[in-house]
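What follows is a set of notes on a single structure, which appears directly below.
The values are calculated or read from the model by the stated rules, or taken from the named source; none is laboratory data. This structure is a prediction, so every number in the text was calculated from the model and none was measured. A quick note on method: Cβ atoms are made from the backbone with ideal geometry, for glycine too, and the neighbour counts reach across all protein chains shown. Protein only, heavy atoms only, side chains kept; ligands, DNA and RNA dropped before computing areas. Shrake-Rupley method; radii C 1.70, N 1.55, O 1.52, S 1.80 Å.
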Amino acid sequence: MTEKTAQKAAAGTDANALWGGRFGSGPAAIMQQINASIGFDQKLWAQDIAGSKAHATMLAAQGIISVGDCDAILSGLDQVAAEIAEGRFTFTVENEDIHMNVESRLKEIIGEPAGRLHTARSRNDQVATDFKLWVRDAFDRLDKDLQALQAALIDRAEQFPDLIMPGFTHLQTAQPVTFGHHLLAYVEMLGRDRARMRDARARLNECPLGSAALAGTPYPIDRDATAAALGFDRPTANSLDAVSDRDFALDYLAAASICGTHLSRLAEEIVIWCTSQFRFIRLTDAFTTGSSIMPQKRNPDAAELVRAKVGRVIGALNGLLIVMKGLPLAYSKDMQEDKEPVFMADETLALCLAATTGMIRDLTPDPAAMRRAVEAGFPTATDLADWLVRSLGVPFRDAHHITGRIVKLAEEAGTGLAEVPLDKMQAVHAGITDAVYGVLTLEASVNSRTSFGGTAPSRVRAAVEAAKARFL
């Protein structure tokens, strides 16, 4: 806003031409500032112009405006689009939002026909349509980003199907697993994220345009035509709901929050794996930073920032839920606060996905460090219990108890289970034979987990191929 404009607005001497004759003077400067949304909703310009073109074409087809006026409107909108795309368009606070900025410039270009564009619609159904189109596009962009991260994970899983590492519960060594199997777990999470977003995209794909302010319109419009022109499956069924619905934005933020949670979990593992206590992986200079005071440091800052930024996405969901929770039907200006959190969440999630994909491509695992860690925690204890069940017919609960006593022997002796002498094991259970040592190696353990979805290298290789078919 220019100083002159602010002074005129504060003095109350300018009526807003867009509001018509009801108001005799313009808004106070602070009112103009709080009311305007052009600072952020200009992101909707392509969707706004697409919706206006579909609306104008329908109005002409229905005989509501002339073909000549429609042609002028379409040509003028193309010019507006070109100006915005090329950075030559001047957005003004006086015109409040993207809709009025576009319409005002259209009037400068084509004159009187521009005033007929808004026939049989309101900014209420216009913004709902624009925003739905934007969110739909965002879902499509995110699907590609998620697929790219899945591809990176699948590639690394294919590279390391038999690299043994600790599998954890409570962040304590539980059973040996393969690195490929661990990475494929995140492929499944991201697959659910993609499915969740596809579900939300399908649910939003109803067109609000033609609902007008809240009650519909007396003009003989064809809502099916505008819905089809904009790629929607159908028009919305209720005009009140159509202009006040922001479920699609909440669906987006909910799906983005769950996806972000998955990225944060993976980021946390990358942070842990990079520590000197673990050293499971190494990231290059491309995804780490140093310290201003400690020259030995290599910090996994990209992972830490992914972990942190997800909080902003979750906060955006909470914020919009709070905005919407107390609103009666139909539209209220509160809904102007719907876009900024979605825009911010979209930018944040896209950045986190790109950074995570980069880290997965960049990391180098350390097999020796992984093996040292997995050997330290009696990871084949369950294999011993299973052997007692299979070979000796011991009930599992009894086998669990017997194994626990043998683990205690190993712990006291400072050895692994495979180093416990046979006579010591037989003192715990007389039926144990030297065949038990065949199941106590790490390789035997992972190779035995051949159930569907298991960690056996043969299963990992099959899972890699299945994941390629399902997701890529």
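With respect to residue 244, determine if the residue is among the hydroxyl-bearing types (Ser, Thr, Tyr) and under 29 Å from the mean Cα position of the chain (by Cα).
Here the answer is yes, as residue 244 does meet what is asked.
What's the number of the only condition in (1) closer than 16 Å to residue 124 by Cβ; (2) touching a helix residue (DSSP H, G or I) at 6+ places or on another chain (Cβ under 8 Å) that residue 241 fails to meet?
If we test residue 241 against (1) closer than 16 Å to residue 124 by Cβ; (2) touching a helix residue (DSSP H, G or I) at 6+ places or on another chain (Cβ under 8 Å), just (2) comes out false.
Any residue in segment 179-202 that's assigned by the TED database to the domain that holds residue 459: show its pairings with residues that are in a helix (DSSP H, G or I) at Cβ separation under 8 Å, as long as the two are six or more apart or on different chains.
none
Counting only residues that are surrounded by fewer than 20 Cβ atoms within 10 Å (Cβ to Cβ), modelled with pLDDT of 90 or more and among the hydrophobic types (A, V, I, L, M, F, W, C), how many does segment 288-338 have?
Of the residues in that region, 10 qualify.
Any residue that is open to solvent by less than 60 Å² (accessible area, probe 1.4 Å), touching a helix residue (DSSP H, G or I) at 6+ places or on another chain (Cβ under 6 Å), touching a residue at least 60 places away in the same chain (Cβ under 8 Å) and not in a helix (DSSP H, G or I) - is there at least one of those in segment 384-406?
No, there is no match, as no residue in segment 384-406 is open to solvent by less than 60 Å² (accessible area, probe 1.4 Å), touching a helix residue (DSSP H, G or I) at 6+ places or on another chain (Cβ under 6 Å), touching a residue at least 60 places away in the same chain (Cβ under 8 Å) and not in a helix (DSSP H, G or I).
Which numbered condition in (1) crowded, with 24+ Cβ neighbours inside 10 Å; (2) touching a Gly at 6+ places or on another chain (Cβ under 6 Å); (3) polar (S, T, N, Q) is the only one that residue 126 fails?
Failing condition for residue 126: (2).
Conditions tested, residue by residue: (1) of a type in the set (Gly, Ala, Ser); (2) more than 30 Å from residue 464 (Cα to Cα); (3) over 16 Å from the mean Cα position of the chain (by Cα).
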| site | (1), (2), (3) |
| --- | --- |
| 174 | yes, no, yes |
| 178 | no, no, yes |
| 181 | no, no, yes |
| 186 | no, no, no |
| 190 | no, no, no |
| 193 | no, no, no |
| 211 | yes, yes, yes |
| 216 | yes, yes, yes |
| 223 | no, yes, yes |
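So residue 90 clears everything in (1) open to solvent by less than 20 Å² (accessible area, probe 1.4 Å); (2) free of Cβ contacts under 8 Å to residues at least 24 places away in the same chain except one condition, right? Which one?
(1)
For residues that are in a helix (DSSP H, G or I) and open to solvent by 50 Å² or more (accessible area, probe 1.4 Å), tally how many sit in segment 369-381.
Selection size over segment 369-381: 3.
Return the residues of segment 85-101 that are part of a loop (DSSP other than H, G, I, E, B) and either modelled with pLDDT under 90 or not hydroxyl-bearing (Ser, Thr, Tyr) (or both); say none if nothing qualifies.
86, 87, 88, 89, 91, 96, 97
For segment 220-233, state whether one or more residues are in contact with an Asp or Glu (Cβ under 6 Å, 6 or more places away or on another chain), surrounded by fewer than 18 Cβ atoms within 10 Å (Cβ to Cβ) and in a loop (DSSP other than H, G, I, E, B).
No, that holds for no residue.
Restricting to segment 440-472, give me the number of residues that are under 11 Å from residue 158 (Cα atoms) and open to solvent by less than 60 Å² (accessible area, probe 1.4 Å).
Looking only at that region, the number is 6.
Which of (1) open to solvent by 60 Å² or more (accessible area, probe 1.4 Å); (2) more than 24 Å from residue 455 (Cβ to Cβ) is the odd one out, the single condition residue 192 does not satisfy?
All conditions pass for residue 192, except number (2).
Looking at the structure I just gave you, is residue 361 outside the structural domain of residue 153 (by the TED database) and open to solvent by 60 Å² or more (accessible area, probe 1.4 Å)?
Numbers: outside the structural domain of residue 153 (by the TED database): no; open to solvent by 60 Å² or more (accessible area, probe 1.4 Å): yes.
No: the conditions fail for residue 361.
Every residue in segment 234-247 that is among the hydrophobic types (A, V, I, L, M, F, W, C) and either buried (at least 22 other Cβ atoms within 10 Å of the Cβ) or part of a helix (DSSP H, G or I) (or both), please. Steps first, please.
Applying the first criterion (among the hydrophobic types (A, V, I, L, M, F, W, C)) to segment 234-247 yields 237, 240, 242-243.
Once the filter is applied, which keeps residues that are among the hydrophobic types (A, V, I, L, M, F, W, C) and either buried (at least 22 other Cβ atoms within 10 Å of the Cβ) or part of a helix (DSSP H, G or I) (or both), segment 234-247 yields 240, 242, 243.
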